[in-house]
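Participant: This structure is in structure tokens; I'll ask about it shortly.
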Amino acid sequence: MTRRSAWIGGVVVVGVAVAVCLLAKPDALEAPERPHGPASERTSGDGAPIGDSAVDGNSAVHRDSASDHGRARDASAGRRPRQRRAPPGASGRELTPEERRRDDAGWTPQLWRRRIFAKDAQVEGLATEFATNWGPQKFVRLIQLAGGRPEEIWGPDGTEQGVTTRFHREPKRMARLLEDALAIGGDPLARQSLIFHLAIDLPPDVGRPRLRRFLDRDDPDDAEDALCALAFAGDPDALERFVALAQEPSTALVRHEVHDPWDILELTRGRTREAFRSYRCIEVLTRGPYFHELGNWAEGHYLRFPTAHPGSTPTAAVERLLPAWLDRYPGHPGSDDMAYRMAELRLAQGRRMEALHWASRCATYPDQDMRPAGLRMMISLVELAPPGDPLTAGTIDPAAPDRNREFLTYLQLRRQAVDLGPGVALAQLAEVASAEPHLLLARAYRERWSAPVPRGLDSGTRPLSESDPLRRVEAPDDDPVPSVRPVASVWKDRPDMRPPQECFRPSLHRLRRQLRAWETLAELQRRHSAGEGDAADLLYKQGALHYYERDVLYPVYATHTGNYSGRPTARFTSRVEGDWLQGALSWDLAIERFEALVRAHPSHALADDALYSVALAHVKAADASEIAVQGREARARHVRAGLDAFERLVARYPQSSLARAAGAAGRYWRAPGRKIPTR
């Protein structure tokens with residue numbers, strides 16, 4: 001047998017083996033069954049009315065599914081296909097009682113992923129379904145089912161302006177559907193959902209008269225549901241009654257963590273309408289599901305119900321409703337969300353001090369998922385406030401003076417250290433430490449001399465003597481160091497239903513170092529102003545202190561990483577985001593001191609060293625992550641300024657021992673083919 005024939009024989013054998021394997025396991029290379037796409041429509045052959053089977057996605061419906069499209073997209077992008085968890089019972093085993101309860105309540109993600117819509121002739125037949133389906137997820141699917149397939153509204157410029165459903169096109173017909181469902185009786189939670197959706201999905205002239213009929217009925221739950229629905233829809237009379245009602249806190253068990261879809265089901269165990277009423281109020285306000293999992297499971301990701309009326313609650317009503325809601329439902333897991341809404345409302349009205357206080361409440365209210373947003377607003381309002389603004393002088397909430405007292409006091413002190421000098425900030429801190437010695441800031445102030453001696457004091461004409469008071473080191477207290485709760489960790493915090501009154505606890509070690517640096521800098525500035533010693537040497541030591549110690553005026557709540565937390569954002573103020581770094585980035589502050597030395601003492605022996613240090617500080621700043629996040633222009637500005645400093649040194653001090661190194665740096669950037677950043 002020749003080598004060629006042997007090779008052909010081997011190929012044949014391999015082919016036969018593959019064929020046998022495929023015959024033995026026919027599904028090996030078959031694509032999974034493809035659900036019907038958006039262009040496909042199926043209806044039942046028996047024309048049966050839509051009942052429970054329709055809600056479960058198994059009868060006369062239209063189905064849309066994006067699951068295969070998602071798998072194809074993952075495959076084309078080289079990603080591992082997403083794994084879907086099989087529904088209970090898919091493996092043929094018997095459902096557990098808990099799984100059956102969840103399935104009966106409608107919590108089946110696989111069924112939720114199908115968009116289901118009722119035909120026009122089947123709408124009236126849904127009244128019984130509305131009256132008996134108490135699960136929050138199942139009810140939202142029924143609303144989606146009754147509303148029909150949303151029709152997009154397109155503007156003259158070709159942009160989508162919104163959608164319409166049967167609730168928009170036939171509001172009176174849909175109102176009769178909801179009223180028929182209420183007349184049946186049914187489950188208490190289903191009745192509550194129906195009452196609130198009279199306010200959510202219908203125009204005021206259609207929904208509100210029907211809601212007012214419930215106010216004087218014998219059922220107190222129906223009456224209060226209607227009152228809350230009317231109030232949060234903006235009805236003036238109902239608003240006044242709700243504000244009066246909120247003076248008495250609810251006894252409902254609202255201190256319940258709602259972290260995933262199964263937590264929502266826990267709320268339904270007692271089937272109490274009062275607990276769910278707190279969530280329904282906010283749904284009327286936002287016209288969308290409070291539990292975003294409901295939209296996510298349907299792959300709609302909607303912040304508003306597709307069937308919701310396009311109107312909104314007036315701002316004047318909202319600013320009264322939210323505080324009343326917080327009084328009515330203390331300890332609610334949505335308290336931080338509502339406080340943040342109030343903060344944004346006050347910010348939009350230009351009442352920034354009140355916005356700061358509401359952001360502070362947001363950061364200390366349950367369930368803490370809005371704590372990062374509250375902290376970001378607090379930081380931004382204070383750090384980006386113009387010099388002399390009231391936000392930089394007094395930020396404590398008079399209504400709750402202990403809330404975030406430590407954090408707000410630190411923000412205020414750091415701004416004063418930047419705007420007025422560290423000496424002014426230390427004088428105020430001394431008063432705080434005397435009046436409130438229990439604060440962590442007070443302890444850090446008392447123990448500031450236990451921190452290491454700041455670097456930079458050995459620079460200049462000669463080092464500070466070992467006997468200089470600025471070199472002393474004392475022993476810290478023996479008390480345990482408190483645990484750190486930095487801003488950087490808040491993004492992954494678990495829900496907290498009883499958060500502390502202080503949302504942030506800085507590192508005691510960083511506080512000690514910073515306060516010692518403030519003390520050292522203030523003393524060097526005092527000696528310079530008083531003419532004690534060589535003025536140029538004292539300026540150089542100030543610049544060296546900033547050059548070597550990154551945290552002299554940098555916030556101790558922030559990090560230096562590329563995605564450093566605690567960065568203010570200009571969304572909350574008119575100032576530019578990078579403005580706060582002008583008083584915080586150590587190399588910028590070092591450059592100021594070194595440039596001041598060159599201007600004031602151009603013939604001093606330290607002038608060339610100062611100019612060389614200016615160039616090095618610009619190079620350091622160009623590579624800093626804090627500058628990188630501001631964009632290319634900020635980095636290019638430092639590169640150009642550093643090159644200019646090197647060339648000025650060569651031109652002004654050609655005999656300096658540093659001229660050769662400065663000239664080499666200039667030639668490096670001016671070399672052919674190397675492009676100096678221009679932006």
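The values are calculated or read from the model by the stated rules, or taken from the named source; none is laboratory data. Bear in mind that the values here come from a model prediction, so they are computed numbers and not experimental data. For neighbour counting, all protein chains shown are included, and Cβ atoms are generated from backbone atoms with ideal geometry for every residue, glycine included. Note: areas computed on protein heavy atoms with side chains; ligands, DNA, RNA excluded. Shrake-Rupley method; radii C 1.70, N 1.55, O 1.52, S 1.80 Å.
Participant: Have a look at Ala231, Ala226, Ala244 and point out the one that is of a type outside the set (Ser, Thr, Tyr), open to solvent by 40 Å² or more (accessible area, probe 1.4 Å), more than 23 Å from Gln122 (Cβ to Cβ) and in a helix (DSSP H, G or I).
Facilitator: Of the residues listed, the single one that is of a type outside the set (Ser, Thr, Tyr), open to solvent by 40 Å² or more (accessible area, probe 1.4 Å), more than 23 Å from Gln122 (Cβ to Cβ) and in a helix (DSSP H, G or I) is Ala244.
Participant: Right, here's the next one. Given the structure, is Arg660 over 21 Å from Gly460 (Cβ atoms) and among the basic types (Lys, Arg)?
Facilitator: yes
Participant: Tell me, yes or no, whether the range 433-445 has at least one residue that is under 37 Å from the mean Cα position of the chain (by Cα), modelled with pLDDT of 90 or more, open to solvent by less than 50 Å² (accessible area, probe 1.4 Å) and on the phi > 0 side of the Ramachandran plot.
Facilitator: Taking every residue of the range 433-445 in turn, none turns out to be under 37 Å from the mean Cα position of the chain (by Cα), modelled with pLDDT of 90 or more, open to solvent by less than 50 Å² (accessible area, probe 1.4 Å) and on the phi > 0 side of the Ramachandran plot.
Participant: Taking the range 385-410, which residues are open to solvent by less than 20 Å² (accessible area, probe 1.4 Å) and either at positive phi or touching an Asp or Glu at 6+ places or on another chain (Cβ under 7 Å) (or both)?
Facilitator: Thr392, Asn404, Glu406, Phe407
Participant: Please verify whether Val254 is of a type in the set (Val, Ile, Thr) and at pLDDT 95 or above, treating the condition exactly as stated.
Facilitator: It is false that Val254 is of a type in the set (Val, Ile, Thr) and at pLDDT 95 or above.
Participant: Moving to a separate point now. In the range 597-617, what residues are open to solvent by 40 Å² or more (accessible area, probe 1.4 Å), among the aliphatic types (A, V, I, L, M) and assigned to a helix (DSSP H, G or I)?
Facilitator: Ala600, Leu616
Participant: Out of all the residues in the range 458-469, which are in contact with a helix residue (DSSP H, G or I) (Cβ under 7 Å, 6 or more places away or on another chain) and either open to solvent by 50 Å² or more (accessible area, probe 1.4 Å) or at pLDDT 95 or above (or both)?
Facilitator: Thr461
Participant: Residues of the range 214-223 being crowded, with 18+ Cβ neighbours inside 10 Å and assigned to a helix (DSSP H, G or I), which ones?
Facilitator: Selection gives Asp222 alone.
Participant: Name every residue in the range 169-213 that is more than 39 Å from the chain's Cα centre (by Cα), more than 13 Å from Leu126 (Cβ to Cβ) and not in a helix (DSSP H, G or I), in order of residue number.
Facilitator: Gly185, Arg213
Participant: What pairs can you find where one residue is in the range 220-232 and farther than 14 Å from Glu274 by Cβ, the other is outside any helix (DSSP H, G or I) and among the hydroxyl-bearing types (Ser, Thr, Tyr), and their Cβ atoms are less than 9 Å apart, with a gap of 6+ or different chains?
Facilitator: Listed by first residue and then by second, the contacts come to Phe232/Thr313.
Participant: Can Leu239 be described as open to solvent by 10 Å² or more (accessible area, probe 1.4 Å) and either part of a helix (DSSP H, G or I) or at pLDDT below 90 (or both)?
Facilitator: yes
Participant: Out of Ala385, Ala393, Ala425, Ala355, I need the residue that is free of Cβ contacts under 8 Å to residues at least 24 places away in the same chain and of a type outside the set (Asp, Glu). Which one?
Facilitator: Just a single option satisfies the conditions, and that option is Ala393.
Participant: What pairs come up if the first residue lies in the range 164-183 and is within 17 Å of Pro150 (Cα to Cα), the second is surrounded by fewer than 21 Cβ atoms within 10 Å (Cβ to Cβ) and not basic (Lys, Arg), and their beta carbons are under 6 Å apart, counting only those six or more places apart or on different chains?
Facilitator: Thr164/Glu151; Thr165/Pro150; Pro171/Pro203; Pro171/Val206
Yes/no matrix, rows are residues, columns are (1) part of a helix (DSSP H, G or I); (2) open to solvent by less than 10 Å² (accessible area, probe 1.4 Å); (3) modelled with pLDDT of 95 or more; (4) closer than 22 Å to Leu420 by Cβ:
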residue: Gly533; (1), (2), (3), (4): no, no, no, no
residue: Lys541; (1), (2), (3), (4): yes, yes, yes, yes
residue: Asp551; (1), (2), (3), (4): no, no, no, yes
residue: Tyr554; (1), (2), (3), (4): no, yes, no, yes
residue: Ala558; (1), (2), (3), (4): no, yes, no, yes
residue: Arg567; (1), (2), (3), (4): no, no, no, no
residue: Glu595; (1), (2), (3), (4): yes, no, yes, yes
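Participant: Shifting gears a bit: Of all the residues that make up the range 301-359, how many are in a helix (DSSP H, G or I), open to solvent by less than 10 Å² (accessible area, probe 1.4 Å) and either more than 30 Å from Asp205 (Cα to Cα) or basic (Lys, Arg) (or both)?
Facilitator: 7
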